[in-house]
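These notes concern the structure reproduced below.
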Amino acid sequence: MRASVRRSDSRPRLLAAAMAAVAVAALSLTACGADGKGEGVRQEGAASPQASSAAPQPSGPAQAPERDASAAKSAAPASSTSHRARGTDGTAGTDGRTGKGGKGGKGSASRDPYAPENRVDCSAADVEVVATPVSRPLNHMLLTLTNKGSKMCDLKGYPVVKFEGAQSVPPVIEDSKPQAVTSLKPGEKGYAGVILSSGEGSGGEGYTAQSLQIGFEGSDRMVEAALQAKGVHVDNALRVTYWVTSPGDALS
């Protein structure tokens, strides 16, 4: 009886050992599958090419932010350039303010006697003329005109000389024409020469004139030029020069 009981007690132990062996074998198989040698691993390996072929696709969007960043960097100087351009406009605005000062400049121009808006033609209204006989050259007279006006005046052409009793005005000596119109600031003087007579009788008998009027190109108004008390002798040789800036040129 004791021997029988001992044999029956050993069976459960043997069964437990066998089950443990089976469990160890199962664990070994599982470990082999984890090492990639099993069938399941091969199936996962078959799926990996798809994953690898899909992998490059995200690379495009991954590069896009780099392009965006580059674009942002390239846009940044443009923005500052635009800012500088606005600054340039601001400078132009400053020039505009200077331009307003330019009105002051116009004011300066209005004070400039050479400015077009300040120039007028010399006329009987704003000049004074003095007629003076001279000893040299013989039979000549000098006309001295003074600008009494407040603006620069232009002495265009030559004086319209009208002696008392004259039927016409004398012609001009063309060789006396200056290169430019004689212009006079307020207070300045202009000159013209008058050949009164031939001196040797070639100009006819002539006569003595007691008064003289001077006219100007483009105007019918004349100004009186006082003569010496005894008057001056004139004949048909009467000639005048253009208006010039110096008495020497007028009498040459």
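The values are calculated or read from the model by the stated rules, or taken from the named source; none is laboratory data. All of these numbers come straight from a predicted model, not from anything done at the bench. With ideal geometry, Cβ positions are generated from the backbone for all residues, glycine too; neighbour counts draw on all protein chains shown.
Here are a few things to note about the model shown:
- Residue within the stretch 165-175 that is within 44 Å of the chain's Cα centre (by Cα) and either free of Cβ contacts under 8 Å to residues at least 40 places away in the same chain or closer than 20 Å to Asp121 by Cβ (or both) present: yes
- The set of residues in the stretch 122-148 being in a loop (DSSP other than H, G, I, E, B), without any contact (Cβ under 8 Å) to a residue 40 or more places away in the chain and in contact with a strand residue (DSSP E or B) (Cβ under 7 Å, 6 or more places away or on another chain) consists of Asp126, Lys148.
- Test for Pro170: is it part of a loop (DSSP other than H, G, I, E, B), closer than 15 Å to Tyr242 by Cβ and in contact with a strand residue (DSSP E or B) (Cβ under 7 Å, 6 or more places away or on another chain): yes
- Any hit, the stretch 151-158, residues being part of a strand (DSSP E or B), under 16 Å from Gln228 (Cα atoms) and not acidic (Asp, Glu): no
- Of the candidates Leu145, Leu138, Leu184, the single residue that is of a type in the set (A, V, I, L, M, F, W, C), closer than 18 Å to Glu224 by Cβ and in the same structural domain as Pro247 (by TED's automatic domain parsing) is Leu145.
- Criterion violated by Val129 - all others in (1) within 16 Å of Pro247 (Cα to Cα); (2) of a type in the set (A, V, I, L, M, F, W, C); (3) modelled with pLDDT under 95 satisfied: (3)
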